[in-house]
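Report on one structure; see the data block that follows.
The values are calculated or read from the model by the stated rules, or taken from the named source; none is laboratory data. Here the structure is a predicted model, which is why all the values come from computation and not from measurement. Don't worry about glycine lacking a Cβ; one is built from the backbone with ideal geometry, like all the others, and counts go over all protein chains shown. We work out accessible area using only protein heavy atoms, side chains counted, and drop any ligands, DNA or RNA first. Shrake-Rupley method; radii C 1.70, N 1.55, O 1.52, S 1.80 Å.
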Amino acid sequence: MNISIFGLGYVGAVSLACLARDGHRVIGVDIDPAKLDLIRAGKTPVVEEGMVELMSRVASSGRVEVTDDVSRAVLGSDLSLVCVGTPSAANGSQDLTATLNVARQLGRALRGKREPHVFVFRSTLVPGTVEEVLRPILEEESGTRDGEGFHICFQPEFLREGSSIRDYDKPPFTIVGARDDAPVRRLRELFGHLPCEFHVTSIRAAEMVKYSCNNFHAVKITFANETARLCEALGVDPFQVMDLVCKDRSLNISPAYLKPGFAFGGSCLPKDLRATMYLAKTHDVEVPMHAAVLASNRVHIDYAIAKVLASGKRRVGLIGLSFKTGTDDLRESPLVMLAEQFIGKGLSLLVYDPEVHLSQLLGANRRFIEQHLPHIGSLLRPDLQTVIEESDILVVGLTGAKVSEALKRHTRKAQLVLDLINLAGRDELPASVQGLCW
Ligand SMILES: NC(=O)c1ccc[n+]([C@@H]2O[C@H](COP(=O)([O-])OP(=O)(O)OC[C@H]3O[C@@H](n4cnc5c(N)ncnc54)[C@H](O)[C@@H]3O)[C@@H](O)[C@H]2O)c1
């Protein structure tokens with residue numbers, strides 16, 4: 001394929017070298033003449049393992065050209081990868097100067113082209129940038145429309161500096177955000193052979209996946225480092241601890257606990273986090289990320305409460321009360337906190353939870369509910385149907401086929417469903433029911 005690459009930094013230069021190695025003809029464009037001269041001379045503009053040899057090899061293959069002439073690059077290629085920098089502005093927002101400049105130039109260059117062109121944005125861009133900012137610029141400057149004279153898409157880049165050629169050849173996955181098939185087909189030709197899954201999603205989701213991945217990496221590093229500081233103060237070997245933590249592939253290093261849903265609670269996580277915080281405080285160890293977890297969990301509960309209050313509905317049906325499905329443990333259940341708030345705000349409340357039988361609650365579990373919801377007996381209903389029928393808004397915090405079936409079959413027109421756990425699936429509630437999800 002004939003490919004043009006805009007921005008020859010870490011991402012662009014490595015992509016240029018690897019695509020040319022794989023037999024494609026590549027035209028590189030950068031505003032920095034020094035980078036163009038280096039590549040022309042068969043040298044690498046970035047320090048990366050393997051790049052010195054690879055650049056010299058591909059430069060002599062005759063498949064690499066560099067230029068500062070944007071039109072020449074667009075007219076001489078079928079597809080453009082945009083890899084310009086998107087650094088932080090002083091206020092933390094994304095500085096789009098380079099991206100906007102290149103989009104204007106690309107749009108203008110397209111005026112001279114008859115065949116549809118594919119623009120693949122690979123720079124990290126905040127969700128909405130491609131569709132709301134870049135597409136209008138390209139359409140205005142080119143005088144043609146996305147889907148007609150060109151196809152726009154977003155493919156986040158996952159290579160890491162230091163191992164970028166290896167990461168290019170073995171990425172964690174390929175994600176393409178696109179509105180139609182044409183750009184996806186071209187990208188499959190380019191990257192479909194790589195040993196990883198190829199996922200197609202919306203442009204916005206693809207933009208967001210890149211941020212979520214990087215944020216997750218940052219959270220993981222910080223988690224390990226906060227754990228290490230606390231371990232050091234306690235005289236525990238942090239490497240031993242984290243090695244063992246990572247050996248649990250079922251709950252720790254796994255998709256477990258990574259599905260959006262409702263707040264955590266129960267008899268372990270909140271109390272153990274509190275004890276960790278106290279331990280850190282008494283050893284003068286700062287662990288701000290751990291410290292933020294309970295506060296963030298509380299925000300999630302408050303967010304659900306605000307959604308129900310904003311609905312204006314006064315008769316609330318709470319489906320689920322214990323801290324998770326399949327248990328009658330009510331201690332620190334976030335659903336109990338919801339119930340307390342609804343009652344406090346004067347809403348009328350009915351509760352269904354097949355596992356919670358007041359007569360069988362014992363010990364700390366019983367004390368907790370007596371303290372927080374002393375009138376729980378008058379709120380609990382043994383059947384789901386009654387709760388659905390007698391409520392104007394249903395708050396779903398309980399999984400199970402019975403509940404999801406009931407939601408699909410028995411909810412009425414104008415009845416709201418706040419599906420905290422996406423039980424019914426995003427689009428599966430009946431059309432008459434207004435679903436409220438995260
Ligand atoms: N560096 C990484 O490891 C990495 C990994 C994944 C994603 N990303 C993302 O990829 C993007 C590029 O990162 P990078 O590290 O390669 O950046 P970089 O700063 O190394 O390179 C960007 C290049 O773009 C050039 N440029 C600026 N304006 C231009 C224009 N109008 N036309 C042509 N070229 C222009 C610059 O001269 C520079 O050479 C960023 O959005 C970054 O967040 C980077």
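Quick check on the range 137-145. Is at least one of its residues part of a loop (DSSP other than H, G, I, E, B), surrounded by 20 or more Cβ atoms within 10 Å (Cβ to Cβ) and within 16 Å of the ligand (Cβ to nearest atom)? It would help to see each step written out before you state the result.
Filtering the range 137-145 down to residues part of a loop (DSSP other than H, G, I, E, B) leaves 143-145.
Next cut, surrounded by 20 or more Cβ atoms within 10 Å (Cβ to Cβ) only: none.
No, the conditions are met nowhere in the range 137-145.
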Restricting the first residue to the range 144-165 and requiring it to be within 23 Å of Arg21 (Cα to Cα), which pairs with a second residue that is within 16 Å of the ligand (Cβ to nearest atom) and basic (Lys, Arg) meet a Cβ separation below 6 Å and a spacing of at least six or different chains?
Gln155/Arg122; Pro156/Lys210; Glu157/Arg122
Give the residues of the range 373-401 that are open to solvent by 40 Å² or more (accessible area, probe 1.4 Å), in contact with a Leu (Cβ under 9 Å, 6 or more places away or on another chain) and free of Cβ contacts under 8 Å to residues at least 40 places away in the same chain, sorted by residue number.
Gly377, Arg381
Could you please give the count of residues in the range 181-200 that are open to solvent by 50 Å² or more (accessible area, probe 1.4 Å) and touching a residue at least 12 places away in the same chain (Cβ under 8 Å)?
6
Which residue is nearest to the ligand (Cβ to nearest atom), if the candidates are limited to the range 95-119 and must be outside any helix (DSSP H, G or I) and crowded, with 22+ Cβ neighbours inside 10 Å?
Phe119
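Picking from Lys259, Lys281, which residue would you name as being surrounded by fewer than 18 Cβ atoms within 10 Å (Cβ to Cβ), over 25 Å from Asp392 (Cα atoms), at pLDDT 95 or above and of a type in the set (D, E, K, R)?
Going through Lys259, Lys281 in turn, just one is surrounded by fewer than 18 Cβ atoms within 10 Å (Cβ to Cβ), over 25 Å from Asp392 (Cα atoms), at pLDDT 95 or above and of a type in the set (D, E, K, R): Lys281.
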Criterion (more than 23 Å from Ser163 (Cα to Cα), polar (S, T, N, Q), surrounded by 21 or more Cβ atoms within 10 Å (Cβ to Cβ) and within 16 Å of the ligand (Cβ to nearest atom)) met by exactly one of Ser77, Ser15
Ser77
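Which one of these is open to solvent by less than 10 Å² (accessible area, probe 1.4 Å) and within 10 Å of the ligand (Cβ to nearest atom): Gly9, Gly28?
Values: Gly9 fails: open to solvent by less than 10 Å² (accessible area, probe 1.4 Å).
Going through Gly9, Gly28 in turn, just one is open to solvent by less than 10 Å² (accessible area, probe 1.4 Å) and within 10 Å of the ligand (Cβ to nearest atom): Gly28.
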If you go through the range 148-176 one residue at a time, how many are within 17 Å of Pro195 (Cα to Cα) and more than 11 Å from the ligand (Cβ to nearest atom)?
9
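Sort through Gly92, Gly85 and tell me the only one that's more than 19 Å from Pro136 (Cα to Cα), open to solvent by 40 Å² or more (accessible area, probe 1.4 Å) and either near the ligand (Cβ under 8 Å from one of its atoms) or assigned to a helix (DSSP H, G or I) (or both).
Values: Gly92 fails: either near the ligand (Cβ under 8 Å from one of its atoms) or assigned to a helix (DSSP H, G or I) (or both).
None of the others qualify; the one that does is Gly85.
Residues in the range 318-334: is at least one among the aliphatic types (A, V, I, L, M), farther than 25 Å from Ala218 by Cβ, under 23 Å from the mean Cα position of the chain (by Cα) and open to solvent by less than 40 Å² (accessible area, probe 1.4 Å)? Can you show your working first?
Filtering the range 318-334 for residues among the aliphatic types (A, V, I, L, M) gives 318-319, 321, 330.
Now narrow it down to the ones that are farther than 25 Å from Ala218 by Cβ: 318-319, 321, 330.
Those left that are additionally under 23 Å from the mean Cα position of the chain (by Cα): none.
No, the range 318-334 contains no residue that is among the aliphatic types (A, V, I, L, M), farther than 25 Å from Ala218 by Cβ, under 23 Å from the mean Cα position of the chain (by Cα) and open to solvent by less than 40 Å² (accessible area, probe 1.4 Å).
Among the residues of the range 177-188, is there at least one that is assigned to a strand (DSSP E or B), closer than 23 Å to Leu134 by Cα, more than 14 Å from the chain's Cα centre (by Cα) and not hydroxyl-bearing (Ser, Thr, Tyr)? Walk me through it before giving the result.
Within the range 177-188, the first condition is being assigned to a strand (DSSP E or B), and the residues that meet it are 177-178.
If we keep only those that are closer than 23 Å to Leu134 by Cα too, we end up with 177-178.
Subset that is more than 14 Å from the chain's Cα centre (by Cα): 178.
Then drop every residue that is not not hydroxyl-bearing (Ser, Thr, Tyr), which leaves 178.
Yes, the range 177-188 contains at least one residue that is assigned to a strand (DSSP E or B), closer than 23 Å to Leu134 by Cα, more than 14 Å from the chain's Cα centre (by Cα) and not hydroxyl-bearing (Ser, Thr, Tyr).
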For Arg249, state whether it is surrounded by 14 or more Cβ atoms within 10 Å (Cβ to Cβ) and of a type outside the set (A, V, I, L, M).
no
Looking for something assigned to a loop (DSSP other than H, G, I, E, B), basic (Lys, Arg) and touching a residue at least 40 places away in the same chain (Cβ under 8 Å) - is there at least one such residue anywhere in the range 60-72?
yes
